[in-house]
Every structure is written in C-alpha cells, then in structure tokens.
1. Bin by bin, in steps of 10 Å, what percent of the Cα pairs in the stretch 1-81 do you find, going until the bin that has the longest distance?
2. Which residue fluctuates most in the GNM of the chain (Cα springs below 10 Å): 147, 34, 225?
3. Neighbouring Cβ atoms within 10 Å as the yardstick, rank 32, 92 fewest first.
4. Ranking 175, 211 by Cβ neighbours within 10 Å, fewest first, what do you get?
5. When the helix-only estimate is applied to the chain (DSSP H runs of n ≥ 4, each -39,500 (n - 2.57), divided by the residue count), what is the mean residue ellipticity at 222 nm, nearest 500 deg cm²/dmol?
6. Hey, could you grab the Kirkwood Rh for the stretch 124-181? Inverse mean 1/r over distinct alpha carbon pairs, Å, one decimal.
7. How big is the Kirkwood radius of the stretch 82-124, worked out from every pair of different alpha carbons and given in Å to one decimal?
8. Between the stretch 125-180 and the stretch 196-243, how many Å separate their Cα centres?
Ligand code: ADP
Ligand code: MG
C-alpha cells in the first residue's frame, strides 16, 4: 500500500480514438510499485479504455506506455510476454465455463509459464485455500456464486504472479451481499504490496485502500490526489457533481 518511488508503468500522452471519437485525450501518468490507484468517473468517460490500454487490450492511437521500463507500444515488443505480468479482472469474471475451477486457474501457468501440471495444481490449491475456496477446486463456474467467481478470477490472475493487477469495476455485477468479500480480498492484496489500478464506484474502498484517487472525465485525468484531499476538497466542477451523486 505504500509508494517506494519506483515507476512501474509510465503513460505518456496516451490517446485512443475510435474512428472520429476520441476516448482518451492525452493522459500522462505514472504508477509506482506498490501503489494503489483508484479511478473514478462518469460512465463513458474512458476509464475502461484507459485500463485496457495499459496492457494493450486497446491499442493506443497516440502516445507511449512504458511497463517496467519497456515501451510496450513499440510494435517490435512481444506484448504477450509483458501482458503476462499484468493481471486483469473484469466486471464479468470471464471464467471458462466448461473448465473446472482448478483448470481455470492452472491453464495459463501451464500454457504460458510452462509449469508442469502437478506444480501448477499445487500452487492453485494454495491460492484457493487462501480465499477459502479449496473445496471448489473440482466445481464448475456455474456452481459458484458471483462473489466466489470473482474471487476465483482474482486468484486466476494471481497464479501468473503478476507485477500489477488491473481491476475494471470488479464488484459492479455482484449482488450487494457479495461485494464485501471481493473488496476484502482486494484490500488484502493491497496490504501485501501489490500494485493495483482499480476502476470502481466503491467510494469506501477508494477512501480506505487507495494511495491516490483519480477522476477521469472526457478522456482526461481532471483531478487527483490522496483520498483525504480528493474527497474533502474536490475542485473540478464535474468532480463535485459526480461526487454529489455517488457519495
Ligand atoms: P467508461 O469505462 O468510463 O464507462 P469506456 O472507456 O468504456 O468508458 O468508453 C469511453 C468512450 O469510448 C465511450 O463513449 C464509449 O462508447 C467509447 N468506446 C469504447 N470502446 C469503443 C469501441 N470499441 N468502439 C467505439 N467506441 C468505443
Ligand atoms: Mg467501463
């Protein structure tokens, strides 16, 4: 949860256009190792596009992204190699429905990290135990609750031993009573020093866990700060309006 000053991701004048529509209008930011950055903003403001650009799920139409010092927007870079170090968790879990929980977790470590099956399964069971879901190893995603599925999606990302975790509204699709268990796991990760970029509408999480809160509007970072200053003293008019609706 602390910031030690080392830059993990540097975004330089990031732009993304879909045809004539400019979703990102020149974002320059640094994410430091161990930092937890929470991104908030109105629907359609570019939050997902920004997050997805960080691991090149969206290919920027301008600017650069340096991850661990490497310009991953350079076409010569093997993006798969770098993407493996960036875990991503979506609103809709995206588990493989026809694979068991254990298979969901071990698939990428076996295929991409070339781990042998027994080792990958052993590690997966440790992770499952950690989130209290070890008895679900042989279940299928459809047999789990939304909160359990999302915790498995997080664990599946962790199995790749990522250097950063990107979360795009991880609790937005959950029934209210399941939001807490997912946020609690994310909070634990933050406390263990995981670098995290989190798009969320959970202002309590932002206040409690974020090192920095960022307000994105119309494809720009309009305002940011520590949660204390950000929530106590918002300056941007659109941010004030936004906060009056969500707080
Ligand atoms: P947010 O996550 O903040 O709700 P998004 O990043 O998903 O916003 O979208 C930002 C804007 O870019 C929206 O106006 C959206 O309609 C547009 N957009 C996103 N993806 C695409 C796409 N693949 N093609 C065209 N427009 C898109
Ligand atoms: Mg979004």
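1. It works out to 18, 49, 29, 4, in whole percents.
2. Evaluated over the chain, the most mobile residue of the options is 225.
3. Values: 32 18, 92 14.
In increasing order of surrounding Cβ atoms, one gets 92, 32.
4. On the way: 175 10, 211 17.
Result, fewest neighbours first: 175, 211.
5. Values: 9 runs with 90 residues, N = 247.
Dividing the helical sum by the residues of the chain leaves -10500 deg cm²/dmol.
6. Numbers: mean 1/r = 0.0829 Å⁻¹.
After inverting the pairwise mean of 1/r, the radius is 12.1 Å.
7. Taking the inverse mean of 1/r over all distinct Cα pairs, the stretch 82-124 comes out at 11.3 Å.
8. Between the Cα centres of the stretch 125-180 and the stretch 196-243 lies a distance of 26 Å.
Throughout, read-outs are computed from the coordinates displayed, never taken from laboratory work. Everything quoted here is computed from the prediction, not taken from an experiment. A quick note on method: Cβ atoms are made from the backbone with ideal geometry, for glycine too, and the neighbour counts reach across all protein chains shown.
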